[in-house]
Amino acid sequence: MSEGQALTRGIRRWLVFFIVCLVLSGLTAFPLVTELRWTEDLLSASPVPEHFPGLMEWITRVREGLDTIDREQPFMLYGTDWLAFAHLVIAVAFYGPYRDPVRNIWVIEFGMIACAGIIPLALICGPIRGIPFWWSVIDMSFGVFGVIPLLIVRRMIKRLEVLERAATAANPPAVPAGA
């Protein structure tokens, strides 16, 4: 296997990992009310309430809020459906770099910008919406951890680009006669 093929294979593996994470993140936004009920039940049966009472209080508060919205204003949950859909659509965009990494590096860079954007969003909107700072830190971690595979992929794509340019320079395409 050539170095270019190995790089392409590595790029694709990282992209599959990133796409799967985006899809799972999106899919979990659809059944939010049910998931939060399960989370609260699971945490209640564990040592979490004793060791992390603030976390338990927050989970209960959010679950009660979602239950109220689900019961009285279910159309508000349509926003989380759109959140889920956005994750799925963004995941599809990463098929471009999967197919042709060098040509579609811009998608990787777009993803890196989106990951960086999570931090100011959490820092600005978190306090406005009454989100505890420690929860905003958890939200920001998605951007921090999300950018890691994208940085790796971008670096690999840049190496692949150099290899492809070198191969083209060594074997330039034939120019048709009379062109």
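The values are calculated or read from the model by the stated rules, or taken from the named source; none is laboratory data. Not measured: the values here are computed from a predicted model. In this analysis, Cβ positions are derived from the backbone assuming ideal geometry, glycine residues included, and neighbour counts consider all displayed protein chains. Protein only, heavy atoms only, side chains kept; ligands, DNA and RNA dropped before computing areas. Shrake-Rupley method; radii C 1.70, N 1.55, O 1.52, S 1.80 Å.
Quick look at the numbers
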| item | result |
| --- | --- |
| Shape of the range 74-166, Cα gyration tensor, a/c cut at 1.5 | oblate |
| Accessible surface of the range 1-114 [probe 1.4 Å, protein heavy atoms]: carbon and sulfur percent | 66 |
| Farthest positive-ward along the chain dipole, Cα basis, beta-carbon charges - from I118, T80, I157 | I157 |
| Isotropic mean projected area of the C-alpha convex hull, the range 32-133 (nm²) | 8.6 |
| The range 16-94 and the range 104-137: distance between their alpha carbon centers, rounded to Å | 17 |
| Helix-derived mean residue ellipticity, 222 nm - over the chain, DSSP H n ≥ 4, -39500 (n - 2.57), to 500 | -27500 deg cm²/dmol |
| Rounded tilt (10° steps) of 133-170 against the dominant C-alpha axis of the chain | 10 |
| The chain: equivalent-ellipsoid semi-axes (sqrt of 5 x gyration tensor eigenvalues, Cα, Å) | 44, 17, 14 |
| Whole-number accessible area per residue in Å² for the range 1-83, which is evaluated in the context of all protein chains at 1.4 Å | 67 |
| FRET efficiency for R103 and C125, using Cβ-Cβ distance with R0 set to 45 Å, rounded to 0.05 | 0.80 |
| Accessible area in square angstrom per residue, the range 93-179, 1.4 angstrom probe | 66 |
| Neighbourhood charge, 15 Å Cβ-Cβ cut-off, centred on L77 and excluding it, Lys, Arg +1 and Asp, Glu -1 | -3 |
| Potential lengthening between L83 and V16 on full extension [0.36 nm per residue; Cα-Cα distance subtracted] | 22.1 nm |
| Gain upon complete extension [N171, Q73; 0.36 nm per residue less C-alpha separation] | 28.8 nm |
| Sum of side-chain charges, V16 neighbourhood, beta-carbon under 15 Å (Lys, Arg +1; Asp, Glu -1) | +4 |
| The chain, relative contact order in percent, only Cα pairs under 8 angstrom and at least six apart counted | 29 |
| D100 accessible area, assembled protein chains, probe 1.4 Å, Å² | 50 |
